[in-house]
Amino acid sequence: MSTQRILVVDDEPKIRMTLRGYLEADGFEVLEAADGPSGLASAVREQPDLIVLDVMLPGLDGFEVLRRIRAIRQVPVILLTARTEEVDRVIGFTAGSDDYVTKPFSARELALRARAILRRAEGPAQAAEERTLRFDGLVIDPDTRTVTCDDDRTVELSALDFDLLVALARAPGRVFTRHGLIEHVWGSDFFGDERVVDVHVRTLRRALGDDASAPRFVGTVRAIGYRFLARPAV
């Protein structure tokens, strides 16, 4: 298996150097960029397996770099941000990030998150879980990681949003707590706030064209969590 490559985009040399040390110790090849334009160019040219992307970058900020990357490909992205307000986290996830780490942060923690995200992106190996999931108005193919809504509209999802949808769709009607979804999707090595599930459900609904007040696919179970509503296609 070829070495997985991670692009670190941050204007602070010390952060890039520290992350390079931890990530290379974990067996990754590390690429670096110090500003938004060069980070975007490297993401397109080098086709890394994962990108660690600072929000506050010269030239283009991280949110804009992320939006432009998402217009081209669905590589997993971890945002680095010194901003702690919920609105910034929501903007980041809406733009398509798969995780975020708030500065100051542990480089060891970030390396663990990167490993977990890449492991999820590889997908499950069991053949029984790779069958196409068909519902009224929605088709999910875990093998090709594609989603089609209402027969002809391809739904673009981040890697993590796709995994969240599959976890829900494999158990229609089952009520998942936020903690349960984190165990299924993020894994037991997740570090962070369980409210991250709410943010990803919002972006998933938006991509599916689902109305939270009258959902077709993902329903809210008040004070508990979420469940998948669509009926299996006959």
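Values computed for the structure shown
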item	result
Boolean, residue 139 is surrounded by 15 or more Cβ atoms within 10 Å (Cβ to Cβ), modelled with pLDDT under 90 and outside any helix (DSSP H, G or I)	no
Identity of the residue in the stretch 183-228, within 15 Å of residue 166 (Cβ to Cβ) and part of a loop (DSSP other than H, G, I, E, B), that ends up least open to solvent (accessible area, probe 1.4 Å)	217
Residue check for residue 59: in a loop (DSSP other than H, G, I, E, B) and modelled with pLDDT of 95 or more	yes
Residues of the stretch 1-43 that turn out to be in a loop (DSSP other than H, G, I, E, B), under 21 Å from residue 60 (Cβ atoms) and open to solvent by 10 Å² or more (accessible area, probe 1.4 Å), as a count	4
Residue satisfying all of: in the stretch 154-170; at pLDDT 90 or above and over 19 Å from residue 119 (Cβ atoms); most open to solvent (accessible area, probe 1.4 Å) among these	154
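The values are calculated or read from the model by the stated rules, or taken from the named source; none is laboratory data. Please read these numbers as outputs of a predicted model, since none were measured by experiment. Quick reminder, even Gly has a Cβ in these numbers, built from the backbone with ideal geometry, and neighbours come from all protein chains shown. Only protein heavy atoms, including side chains, enter the accessible area calculation; ligands, DNA and RNA are left aside. Shrake-Rupley method; radii C 1.70, N 1.55, O 1.52, S 1.80 Å.
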